[in-house]
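Every number in this text was worked out from the coordinates using simple rules, so none of it is lab data. Please read all numbers here as calculations on a predicted model, not as lab measurements. Cβ sites come from the backbone with ideal geometry, for glycine too, and all protein chains shown count toward neighbours.
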Amino acid sequence: MGEHAEEKETADQATKRKIDWRAGGGRAAGVLAGVVRWIGLIFAAILVLHIVFVIGEANPDNGIVSFVRGWADGLLLGFKDLFMPADAKLRVLINYGIAAVFWMVVSGIVAKIIRRVGGSN
């Protein structure tokens, strides 16, 4: 009876040590997809904040405004001179706005791909 009890404990311990890698991968994919979505949202928010600063005629020498402008210019990619209306504010609104939408769409698509590949719903 002592040997049988030891076998049962060993089998129970082995069961407890098994790891469901598929479930863990799904959770990891969900977390990674969430991070990608947040990054896209932050990028879009920086671009929108720059639009607000330009349209509201914020002081370009202000530290916050120049910091946001630097990041926004880096996130603009190829959208800077996509449309060239005569009004500078309209130009910023259109081009930076399109870039913000781009980041939201791309981050959403990439997050969806990560979830599908990772097995997360």
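How would you order 98-111, 26-39 from highest to lowest mean count of nearby Cβ atoms within 10 Å?
On the way: 98-111: 17.6, 26-39: 15.9.
Per-residue mean Cβ counts within 10 Å order the peptides as 98-111, 26-39.
What number comes out for the charge environment of G108, summing +1 per Lys or Arg and -1 per Asp or Glu over other residues with Cβ under 15 Å away?
For residues surrounding G108, the net value is +4.
Between V35 and L90, what is the label-to-label distance in nm when each label sits 7 Å out along the Cα-to-Cβ direction?
About 4.3 nm separates the two model spin labels.
What full-extension length gain, to one decimal in nm, is calculated for W71 and V117 as 0.36 nm per residue of separation minus the Cα-Cα distance?
Full extension from W71 to V117 adds 13.5 nm.
Can you work out the PRE-style zone for D61? Point 7 Å along Cα to Cβ, and I want the residues of the stretch 74-89 with backbone N under 16 Å.
Counting backbone N atoms under 16 Å from the label point, the list is empty.
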